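Any read-out appearing in this document is the output of simple, stated calculations on the displayed coordinates, not a laboratory observation. From a predicted model like this one, the values you see are computed outputs, not experimental measurements. No Cβ is skipped: glycine too gets one built from the backbone with ideal geometry, and neighbour counts run over all protein chains shown.
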Amino acid sequence: MKALLRCLVMMLVFQTGVAQEVDDGDMLLNRPAERNYDIIIESGYLKVGLYQNFPPYSYLVNSEPQGIDVELGKRIAAAMGVEFRVHWIVPDENLGDDLRNNVWKGHYLAKRRLADVMMRVPYDKQYAYMQDSTGEYMNEQVVLFGPYQQETWQIAYNPQKMDSVETIAMFQYHPIGVEIDTLPAFYLTSGLNGRLRDQVRHYTNVDEAFNAMRNGDVSAVMGMRAEIDHELSKAENSGFRQAGNAFPGIGKQVWDVGMAIKSSHRQLGYALEEIVGNIVKSGEMAGLFADVNLRYSVPEYYQAFLSEEAIAQAEGKP
């Protein structure tokens with residue numbers, strides 16, 4: 001998640017029909033190949049790490065990759081003049097595990113299976129420079145860079161069950177669905193000194209939570225804004241509404257989403273950062289979201305130095 005935002009039970013072995021490299025490393029030493037910028041260009045393909053079964057960002061439809069991150073990955077590869085290939089990621093216990101298993105080291109069961117770049121990584125300087133008890137940087141093997149979207153939390157509700165959602169305190173009296181082992185699940189079960197806990201219902205994913213709302217089992221669903229927008233764009237969910245409430249005490253209400261590469265592959269990072277920056281600033285990224293009925297916000301990273309006119313262009317406004 002997005003392991004910082006969403007955690008699922010780890011799957012150690014899985015197969016996919018999507019083009020991806022499984023064994024492209026050193027056969028003698030059984031370690032990941034060093035696919036730096038020059039090697040990637042020479043090989044003719046870019047392996048883009050995408051979270052599996054994670055609509056609207058990256059998922060399969062009729063065995064074909066779809067989603068916002070898929071489309072962005074294709075545009076990055078095209079700008080580099082290489083083929084786009086998917087490296088599917090199943091989230092582990094936390095973001096650090098995902099970065100280790102998919103960006104710089106490789107899982108112990110598949111050490112040669114690494115992505116050239118990993119998408120949907122929270123662009124967080126505090127996390128990037130986090131230190132352990134000895135003062136060593138915990139994430140020195142990776143570089144977090146290239147923010148391309150700003151994400152936030154969102155609630156959708158059934159107006160037949162609730163007139164509106166002014167505050168989360170209303171969920172003392174109305175059941176709400178969340179994806180299991182995510183920040184919304186923790187936030188709602190611990191919020192208001194635990195007074196919401198009995199009304200929180202846990203589901204495998206946001207889609208399942210919306211199914212529960214259609215069946216009348218819950219009155220609302222909380223998730224990331226793009227996930228909620230994606231569900232609300234479906235005909236079967238047309239009767240549901242977006243809530244406008246805030247989330248006091250949640251920690252991070254809004255955050256930038258970017259990419260990650262191995263720390264020794266800086267040249268690749270510079271190339272990708274320029275490509276993604278052009279996609280964001282031109283308004284192309286906003287167009288990708290608009291094409292699938294999703295709202296888009298320019299990352300805070302760009303808001304710090306772009307003019308109002310440039311930000312409006314990045315947001316796809318005339």
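Summary of values
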item: Sorted by Cβ density within 10 Å, fewest first, the residues Glu308, Glu208, Glu227; result: Glu308, Glu208, Glu227
item: Calculated FRET efficiency for the pair Thr152/Ala312, C-beta based, R₀ 25 Å, to 0.05; result: 0.80
item: Reachable aspartates and glutamates, given that their alpha-carbon falls under 16 Å from the alpha-carbon of Lys252 and they are not under 8 places away in the same chain; result: Asp124, Glu151, Glu300
item: Rounded Å value of the spacing that divides the Cα centres of the stretch 294-318 and the stretch 66-99; result: 23 Å
item: Flagged links, alpha-carbon separation over 28 Å, of Lys161/Lys317; Lys47/Lys317; Lys47/Lys281; Lys234/Lys262; Lys161/Lys234; Lys74/Lys262; result: Lys161/Lys317; Lys47/Lys317; Lys234/Lys262
item: Proxy reagent accessibility, fewest Cβ within 10 Å first, across Ser58, Ser63; result: Ser63, Ser58
item: Cα shape, the stretch 115-264, gyration tensor, a/c 1.5 rule; result: prolate
item: Glu284-Thr204 pseudo-label distance in nm [points 7 Å out on the Cα-to-Cβ vector]; result: 3.6 nm
item: Simple spin-label estimate for Arg195 and Glu274 in nanometres, 7 Å along Cα-Cβ; result: 5.6 nm
